[in-house]
1. Which far-off residues, 5 or more places away or on another chain, put their amide H under 5 Å from the one on Leu132, with H placed in the peptide plane?
2. For helix 4-16, what angle does its Cα long axis make with the longest principal axis of the chain, in degrees from 0 to 90 and rounded to 10?
3. Among Ala121, Ala93, Ala167, determine the one that fluctuates most according to a GNM of the chain built with springs between C-alpha atoms less than 10 Å apart.
4. Can you list the HN-Hα couplings for region 24-36, worked out from phi with the Karplus curve (6.51, -1.76, 1.60; θ = phi - 60°), rounded to whole Hz and with x for Gly and Pro?
5. Modelled label-to-label distance, Glu270 and Ile176, 7 Å Cα→beta-carbon offset: nm?
6. Taking Cα atoms, how many degrees apart are the long axis of helix 89-101 and the longest axis of the chain, rounded to 10 and kept between 0 and 90?
7. Order Tyr84, Tyr163 by their accessible area, 1.4 angstrom probe, all chains in place, largest first.
8. Region 81-202: D in µm²/s via Stokes-Einstein (Kirkwood Rh, Cα pairs, 10 °C, 1.306 mPa s)?
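The values are calculated or read from the model by the stated rules, or taken from the named source; none is laboratory data. Because the structure is predicted, anything quoted here is derived from the model rather than measured. Here the Cβ positions follow ideal geometry from the backbone for every residue, glycine too, while neighbour counts run over all protein chains shown. SASA here: full protein model, heavy atoms, side chains in, ligands and nucleic acids out. Shrake-Rupley method; radii C 1.70, N 1.55, O 1.52, S 1.80 Å.
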Amino acid sequence: MTDLSSQIAKQIKKLLSGRQPETLLILGSGLSSLGNELENSTVIPYSKIKGFPVSSVVGHEGKLIYGTLSDKEVLCMQGRFHLYEGYAPRIVADIIKAFKLLGIKNLLITNAAGSLNPDIAPGSLMLINDHLNFSGFNPLIGPNDDKFGPRFPSLAELYTPKYLKLAHKAAKKLNINLFDGVYCMLSGPSYETAAEIKALRILGADAAGMSTVPEAISAAYCQMKVIGISTITNYCTGVKGGNPSHEETLETAHKASANLALLIKQIIKELPNG
Ligand code: HPA
């Protein structure tokens, strides 16, 4: 037990005192308040876990919260690690592997994203049904540990088809409009040029953001089921006059967060046990 993921898992396991979460919830920019709704919760600041990086972005809290949501045991990352902060892509894979060692089976991941699709307006929620990894990196680059997954993992069903249906069913029940779309990850931190957005739209992107893909790839590699939801916070550069800013992102994410919280709670309620 000397690798980083084992070290991290060992420390978190101790702090969980025998409780067994099955679902990991990762909350994105301006969406972190849901973490405070967990019941019977234990809060673990990232700084208390040796080997865990500390998130540096405003709007990203940097805490692991363990508790129940919709009567299910959930572990929540309030704050994540972006490539643009300078983290090695591999650290994301190490963290996801640590969660795999802790028995996590599902990843429910959220982010704030810009829209390239004129039909998906700011304030909307979009279920990620596939992605374009234009970040320039892959979190699995480096030596492979066969105990977690294969050297060349398939991403054909990364966004678990059964769970896409489940998410739509949950949205319908709540009367929440949930779009379907392709999420494109760019490294950031600069927003895109209008020419880049035009090109990405031709290539099939509906939303653009600076996160999620490394976690999703790492989770699929570890045979976790993945659900990804984007809160559309703005039109991307040049789309309907879009000129994004972090302030706009946080403000719109905050406005949409009540609907997102309802949807996440309903999805968690409907996730099968075991
Ligand atoms: N582009 C990239 N990332 C983003 C955007 C955007 O327009 N909005 C929120 N995150």
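1. The list, which skips near neighbours in sequence, is Tyr183, Cys184, Met185.
2. In the chain, helix 4-16 runs at an angle near 70 degrees to the longest axis.
3. The residue that fluctuates most here is Ala121.
4. 9, 10, 10, 9, x, 3, x, 10, 6, 5, 4, x, 7
5. Those two pseudo-labels are separated by 1.1 nm.
6. 50
7. These residues rank, largest area first, as Tyr84, Tyr163.
8. D = 95 µm²/s.
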